[in-house]
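Structure, as structure tokens:
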Amino acid sequence: MRRSGASRVRRLALVLALGMGLPTSGCALLLGGVAAGGAAGGAASARAGHEESHPPMSYVGSVLASAVYFPAKVAFAGAGAASSGVAYLVTLGQPEPAQTIWHASVDGDYVVTPDMVQGQRPVHFVGS
């Protein structure tokens, strides 16, 4: 069975649309962020100069937990950053209230590490 030219064009357009949509979808960005965060955490602990050994499932748990935790923390930090700006405007340029809101929302952990999964280190959702 031969396909018509219009059918081929529609199929090509569908394949291109799906192929271009995947890299820009929220799911791809989320998974990329989780993978990058896990890699950054591993690199940071390697630079710290101490050897860490965790069971393989703690790494799996940290990636799965970060898949939920990371977007929640980013949303919280974004809302806090916006609130910090509003506080700065409302207080007519007083930096203290805005800085307090900023540090409480933006500081803290953005990924869950194997240490956190094993209970060796607490998770700091809210910064200091």
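In the range 83-101, is there at least one residue being touching a His at 6+ places or on another chain (Cβ under 7 Å) and either closer than 30 Å to Pro55 by Cβ or assigned to a helix (DSSP H, G or I) (or both)?
To start, the set of residues in the range 83-101 that are touching a His at 6+ places or on another chain (Cβ under 7 Å) comprises none.
No, the range 83-101 contains no residue that is touching a His at 6+ places or on another chain (Cβ under 7 Å) and either closer than 30 Å to Pro55 by Cβ or assigned to a helix (DSSP H, G or I) (or both).
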Per-region count, the range 39-73, residues of a type outside the set (Ser, Thr, Tyr), part of a helix (DSSP H, G or I) and at pLDDT 80 or above: 13
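Okay, residues lined up against (1) surrounded by 12 or more Cβ atoms within 10 Å (Cβ to Cβ); (2) basic (Lys, Arg); (3) over 24 Å from Gln118 (Cβ atoms); (4) touching a Cys at 6+ places or on another chain (Cβ under 9 Å):
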| position | (1), (2), (3), (4) |
| --- | --- |
| Ser62 | yes, no, no, no |
| Lys73 | yes, yes, no, no |
| Ala77 | yes, no, yes, no |
| Pro97 | yes, no, yes, no |
| Ile101 | yes, no, yes, no |
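The values are calculated or read from the model by the stated rules, or taken from the named source; none is laboratory data. Every value quoted in this text rests on a predicted model; they were computed, and no experiment measured them. Every residue, glycine among them, receives a Cβ derived from its backbone with ideal geometry; neighbour counts consider all protein chains shown.
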